[in-house]
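Single-structure report; data block below.
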Amino acid sequence: MSGIRKTVLAYSGGLDTSIILKWLQDEYNCEVVTFTADIGQREDLRPARERAQMLGVREICVEDLREEFARDFVFPMFRANAVYEGEYMLGTAIARPLIAKYLVETATRTRSDAIAHGATGKGNDQVRFELSAYALNPDIRVIAPWREWDLTSRERLIRYAEHHGIPVEKKEDGSAPYSIDANLLHISHEGGCLEDPWVVPDDAAWGWTVSPMEAPDEPEELLVGFRSGDAVSINGAEMSPASLLLKLNELGSRHGIGRADIVENRYVGMKNRGCYETPGGTIVLKAHRAMESLTLDREVMHLKDEMMPRYAKLVYNGYWYSPERQAMQQMIDASQSHVNGEVRLRLYKGNVDVLGRRSEADSLYDGEIVTFEEDDGAYNQADATGFIRLNALRMRIAASRRR
Ligand code: ARG
């Protein structure tokens with residue numbers, strides 16, 4: 001009836017997507033191909049394969065996308081210093097276009113007509129998945145069970161699972177579980193007691209980092225090296241993008257770095273409260289800005305800073321594959337060719353402090369000019385008189401009119 005014979009499902013192996021798997025087989029009467037990716041969520045993916053097998057799936061795809069995620073999605077976004085609404089480092093948003101890319105590719109490879117995902121009809125993720133998918137394949141068809149089915153409560157969902165022999169792991173205390181999303185860049189918690197924006201998050205709302213209050217009394221120093229705007233080494237040791245993020249997550253988590261408790265504006269129009277942890281990303285952002293402060297021209301930097309909120313909004317809203325994001329990226333990437341050097345940092349009780357920065361070939365810092373001491377003619381202070389007088393001219397004219 002729907003004309004859909006075969007669908008690629010973004011499958012985590014969890015309860016919700018297992019129910020979706022079964023539901024697609026029954027309601028659409030179609031074959032389901034599962035796609036599961038390791039993007040650094042720190043979950044064993046073997047159960048996902050086993051469950052898919054158990055549910056009769058014949059084509060099961062499991063891929064390790066950690067390097068691609070870090071290299072082609074997180075790092076380009078880092079070059080922009082992207083932060084949404086001043087606080088959210090876009091950890092979930094940046095992973096969606098990658099997953100969508102693989103859903104579409106898997107659909108082509110397995111001759112499927114459609115892709116399916118487990119994002120609800122209330123959130124940003126459905127928009128990100130689908131905008132990305134359509135941008136990559138204009139003819140792809142999308143099934144979003146959450147927008148169609150009548151399994152509208154936790155209870156109905158669990159009844160459906162039990163009825164169809166899908167294992168349900170119950171939480172002991174029966175409390176509302178958090179909705180968790182994790183990858184190499186961040187872990188997020190939403191829902192449960194966080195739905196009241198006044199409620200203080202309990203310990204279970206944080207998954208990776210120690211509380212800054214419980215972080216070690218000993219600070220830790222480290223050196224981050226940059227090449228063309230990308231972090232490439234820690235303490236002199238070169239690392240791939242994924243291993244670098246992994247390492248910084250470990251260091252940051254130990255020192256309570258990168259927690260954010262935020263109320264944000266979702267694209268669909270509602271506000272939402274979440275607890276996010278982005279330890280490695282927080283360190284890179286701080287270090288990258290420090291590297292840029294030494295090596296970027298003032299106006300280029302300010303131009304980037306003006307574009308940043310726009311760029312962040314595009315990523316947040318799901319427009320990764322839009323022409324405007326790609327055009328901005330080209331400009332941002334071009335700005336980074338001189339962002340080379342090293343930044344010295346200190347991690348301590350939730351803080352990342354910059355202790356120093358240096359760039360052999362690309363520093364625009366000129367100590368001869370800026371010095372408070374004798375500058376031997378490097379800079380003529382008398383020049384500033386005319387500079388200020390001409391810049392003040394229009395304000396003096398206006399002031400004299402008003403007198
Ligand atoms: N609110 C964040 C965002 O829109 C995080 C979403 C988390 N997603 C999830 N399926 N739990 O990017």
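Quick check: residue separation of Val263 and Glu59 times 0.36 nm, minus the Cα distance between them. What number comes out in nm?
Working: separation 204, 0.36 × 204 = 73.44 nm, distance 4.00 nm.
Full extension of this stretch gives 69.4 nm more.
Helix-only estimate, please: 222 nm mean residue ellipticity of the chain, summing -39500 (n - 2.57) across DSSP H runs of length 4 or more and dividing by its residues, to the nearest 500. Don't skip to the answer; put the middle values down first.
Values: 13 runs with 155 residues, N = 403.
When only DSSP H runs of four or more count, the value is -12000 deg cm²/dmol.
Under the rule of at least 5 residues apart or a separate chain, name every residue whose amide H is placed under 5 Å from the amide H of Ile187.
Amide H neighbours of Ile187: Glu277.
Plugging the Kirkwood radius over Cα pairs into Stokes-Einstein for segment 329-369, at a temperature of 37 °C and a viscosity of 0.692 mPa s, what D comes out in µm²/s?
Rounded to a whole number, D works out at 263 µm²/s.
Rounded to the nearest 10 degrees, what's the angle between the helix 125-136 long axis and the longest principal axis of the chain, both from Cα atoms, 0 to 90?
Between helix and principal axis, roughly 80 degrees.
Using a cut-off of 9 Å between beta-carbons, work out the net charge of the residues near Ala378 (Lys and Arg +1, Asp and Glu -1, Ala378 not included). List each step's numbers first, then the result.
Details: positive: none; negative: Asp366, Glu368, Asp375, Asp376.
So the environment of Ala378 carries a net charge of -4.
Would you kindly give the portion of the calculated P(r) for the chain that falls above 36 Å, as a percent of all Cα pairs?
On the way: 28150 of 81003 pairs.
Of all Cα-Cα distances in the chain, 35 percent exceed 36 Å.
Loop only per DSSP, at most 10 neighbouring Cβ atoms within 10 Å: give me the trypsin sites (Lys or Arg not before Pro) in segment 66-113, ordered by residue number. Intermediate values should be presented prior to the final figure.
On the way: sites: Arg66, Arg71, Arg79, Lys101, Arg109, Arg111; in loops: Arg111.
When the trypsin sites (Lys or Arg not before Pro) of segment 66-113 are filtered for loop state and at most 10 Cβ neighbours within 10 Å, Arg111 remain.
In debye to the nearest 20, how big a dipole does the chain give about its Cα centre with +1 on each Lys and Arg Cβ and -1 on each Asp and Glu Cβ?
Numbers: 49 positive and 63 negative charges, 306 e Å.
The calculation lands at about 1460 debye.
Heavy atoms of the protein only, probe of 1.4 Å, neighbouring chains included. What is the accessible area of His338 in Å², nearest 10?
Solvent-accessible area, nearest 10 Å²: 100 Å².
Taking Cα atoms of segment 280-403, Rg/Rh with Kirkwood Rh, to two decimals? Please report the intermediate quantities before stating the final value.
On the way: Rg = 20.1 Å, Rh = 18.3 Å.
In segment 280-403, Rg relative to Rh is 1.10.
May I ask you to list the trypsin sites (Lys or Arg not before Pro) in segment 170-244 that are in a DSSP loop and have at most 16 other Cβ atoms within 10 Å of their Cβ?
Details: sites: Lys170, Lys171, Arg227; in loops: Lys170, Lys171.
Loop-located and lightly packed - Lys170, Lys171.
At what distance in nm do the modelled label points of Lys313 and Ala398 sit from each other, each positioned 7 Å from its Cα along Cα→Cβ?
Label-label distance for Lys313 and Ala398, simple model: 2.6 nm.
Antiparallel versus total DSSP beta bridges in the chain: what percent is that, nearest 5? List each step's numbers first, then the result.
Working: 36 of 52 bridges.
Roughly 70 percent of the beta bridges in the chain run antiparallel, per DSSP.
Nearest 10 degrees, 0 to 90: what angle lies between the long axis of helix 279-295 and the longest principal axis of the chain (Cα atoms)?
Computed tilt is about 30 degrees.
Can you spot the lysines whose alpha carbon is less than 17 Å from Lys313's alpha carbon? Ignore those fewer than 8 places along the same chain.
Lys271, Lys304
How many Å² of accessible area per residue for the chain, probe 1.4 Å? Could you put the intermediate results ahead of the total?
On the way: 21000 Å² over 403 residues.
Spelled out: the 1.4 Å probe surface of the chain, per residue, equals 52 Å².
Shape verdict for segment 61-201, please, from the Cα gyration tensor: rounded (a/c under 1.5), prolate (a/b greater than b/c) or oblate. Can you show the working numbers first?
On the way: a/c = 1.92, a/b = 1.13, b/c = 1.70.
Cα axes put segment 61-201 in the oblate bin.
Mind grabbing the accessible area of Ile60 for me, 1.4 Å probe, Å², rounded to tens?
40
For segment 248-320, give the percent of accessible area contributed by carbon and sulfur heavy atoms, probe 1.4 Å, rounded to a whole number. Spell out each step's value before the answer.
Values: 1470 of 2820 Å².
On segment 248-320, the fraction of accessible area on carbon and sulfur atoms equals 52 percent.
On a 0 to 90° scale, report how tilted helix 154-163 is relative to the longest principal axis of the chain, with both axes built from alpha carbons and the result rounded to the nearest 10.
For 154-163 against the chain, the angle is about 40 degrees.
Share of segment 15-90's accessible area from carbon and sulfur, percent, 1.4 Å? Write out the running numbers ahead of the final one.
Working: 1250 of 3190 Å².
Within segment 15-90, the accessible surface is 39 percent carbon and sulfur.
Using mean Cβ contacts within 10 Å as the protection proxy, how do 328-334, 318-324 order, highest first?
Numbers: 328-334: 14.7, 318-324: 17.0.
Ranked from most to least packed, the peptides come out as 318-324, 328-334.
For segment 65-104, which GluC sites (Glu not before Pro) are both in a DSSP coil and crowded by at most 14 other Cβ atoms within 10 Å?
Values: sites: Glu67, Glu68, Glu85, Glu87; in loops: Glu85, Glu87.
Passing both the DSSP loop test and the Cβ count: Glu85, Glu87.
Quick one: grab the alpha carbon gyration tensor of segment 134-257, order the square roots of its eigenvalues as a ≥ b ≥ c, and give me rounded if a/c is under 1.5, else prolate or oblate depending on whether a/b is larger than b/c. Intermediate values should be presented prior to the final figure.
Details: a/c = 2.89, a/b = 1.51, b/c = 1.92.
Taking the square roots of the gyration eigenvalues as a ≥ b ≥ c, segment 134-257 is oblate.
If the convex hull of the alpha-carbon atoms of segment 78-160 is projected onto planes in all directions, what is the mean projected area in square nanometres?
Values: hull surface 29.6 nm².
For segment 78-160, the mean projected area of the Cα convex hull comes to 7.4 nm².
Can you spot the lysines whose alpha carbon is less than 25 Å from Lys349's alpha carbon? Ignore those fewer than 8 places along the same chain.
Lys247, Lys286
In whole Hz, what ³J(HN,Hα) sequence does segment 269-274 give by Karplus (6.51, -1.76, 1.60; θ = phi - 60°), x for Gly and Pro?
Karplus-based 3J(HN,Hα) across segment 269-274 equals x, 9, 8, 8, 10, x Hz.
The values are calculated or read from the model by the stated rules, or taken from the named source; none is laboratory data. Predicted model only: the values in this text are computed from it and were never measured. Every residue, glycine as well, gets a Cβ built from its backbone with ideal geometry; the counts of neighbours run over all protein chains shown. All accessible areas refer to the heavy atoms of the entire protein, side chains included, with ligands and DNA or RNA removed. Shrake-Rupley method; radii C 1.70, N 1.55, O 1.52, S 1.80 Å.
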